[in-house]
Amino acid sequence: MMRRVLLAANWKMFKTVPAALAFGRELLRRYDADAYSAIDVMIFPTALALWPLSQRFAGSPIQIGAQNLDLGTEGAMTGALSGYLLREAGAEYVLVGHSERRQHFGEGDELVAAKVQAAISAHLHPILCVGETAEEREREETLAVMHRQIGAVLQGLATYDAIKLTVAYEPVWAIGSGKVPTARDANGVAAAIRHQFSEQFSSEVADSIRILYGGSVSPKNIREFAEAPDIDGALVGGASLDVETMVAMMESLVHQEGENGG
Ligand code: 13P
């Protein structure tokens with residue numbers, strides 16, 4: 001099965017609303033619809049910039065997502081943002097279980113699983129983020145950690161909901177560090193994740209879901225990761241904040257597509 005390559009930009013806690021809009025204007029100016037038709041480009045700005053940026057990208061193929069969601073729909077929940085509110089503000093996707101949420105906000109597997117369900121109820125496509133810490137890698141627990149983090153979410157998920165998932169494999173030690181696993185190692189983890197989907201659901205489901213690599217992705221290395229057979233694109237932090245580097249990564253992916261004949 002041909003899975004479309006996805007470039008997802010996670011802006012984390014960066015960019016004011018005007019800065020996000022300026023980036024959006026420049027990206028649209030540089031966006032070559034013919035050249036980039038083979039890849040999906042997605043931006044995850046702060047929640048504040050969701051609505052204005054979704055307005056800016058309206059009618060373009062660039063999609064918008066939120067970085068996190070809270071449980072519920074509407075209610076007396078000071079400071080919270082539900083999937084419903086994010087969806088109405090223009091988000092189509094949402095990151096769930098990013099390691100920074102797990103680390104700094106104490107999100108555990110159970111809450112992450114509940115958030116995936118909440119995202120699906122709100123008609124958002126969840127991008128489930130998983131990844132091992134440096135210590136876990138040293139103890140050779142990477143695959144066990146993936147199995148636990150993914151298993152918590154898949155358990156209780158119907159097949160028709162499982163196909164809405166994207167998984168982002170982001171080793172915690174690779175995020176913002178300039179360190180990366182080899183594409184071969186990352187692909188091995190992605191293949192194990194895919195295998196878990198095939199065991200829990202079917203090989204069709206496993207084949208259809210997209211698995212991204214994230215952690216110190218740059219224009220220099222993105223192509224190598226995206227060329228790995230079980231990796232379908234990248235979730236990028238730092239390098240996505242600059243339009244130049246963002247376009248350089250899009251170019252790199254497009255050339256890869258061309259050379260593969262697809
Ligand atoms: P960096 O690309 O800055 O390493 O961040 C990766 C990340 O956490 C994307 O979600």
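Structure above, values below:
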quantity: Residue-normalised accessible area of segment 73-124, expressed per residue, 1.4 Å probe, Å²; calculated: 52
quantity: The chain - Rg over Rh from alpha carbon coordinates, Kirkwood radius; calculated: 0.94
quantity: Top of G188, G131, G79 by mean-square fluctuation, Gaussian network on the chain, Cα under 10 Å; calculated: G79
quantity: Residue among H195, H125, H104 with the largest mean-square fluctuation in a Gaussian network model of the chain, springs linking Cα atoms under 10 Å; calculated: H104
quantity: Residue-normalised accessible area of segment 130-262, expressed per residue, 1.4 Å probe, Å²; calculated: 43
quantity: Sulfur and carbon atoms: percent of accessible area, segment 132-262 [1.4 Å]; calculated: 49
quantity: Cβ-derived FRET efficiency at R0 35 Å, S208 paired with E140, nearest 0.05; calculated: 0.70
quantity: Cα-based convex hull, segment 39-182, per residue volume (Å³, whole number); calculated: 138
quantity: Candidates T46, T73, T166, ranked by Gaussian network fluctuation over the chain, Cα under 10 Å, top entry; calculated: T73
quantity: The chain, helix-only ellipticity at 222 nm - DSSP H runs n ≥ 4, -39,500 (n - 2.57), divided by all residues, nearest 500; calculated: -13500 deg cm²/dmol
quantity: Sparsely packed trypsin sites (Lys or Arg not before Pro) within segment 53-144, loop by DSSP, other Cβ within 10 Å at most 15; calculated: R139
quantity: Label-point gap, in nm, between D32 and S60 - each point 7 angstrom along Cα→Cβ; calculated: 1.6
quantity: Span-rule helices in the chain, defined as complete DSSP H runs reaching 30 Å or more along the axis (Cα) with Kyte mean at least -0.5; calculated: none
quantity: Using a Förster distance of 25 Å, the FRET efficiency for A76-F105 (Cβ separation, nearest 0.05); calculated: 0.75
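The values are calculated or read from the model by the stated rules, or taken from the named source; none is laboratory data. In this text, all values refer to a predicted model and were calculated from it rather than measured experimentally. We place every Cβ from the backbone using ideal geometry, glycine too, and count neighbours over all the protein chains shown. Please note that ligands, DNA and RNA were not included when accessible areas were found on the heavy atoms of the full protein model with its side chains. Shrake-Rupley method; radii C 1.70, N 1.55, O 1.52, S 1.80 Å.
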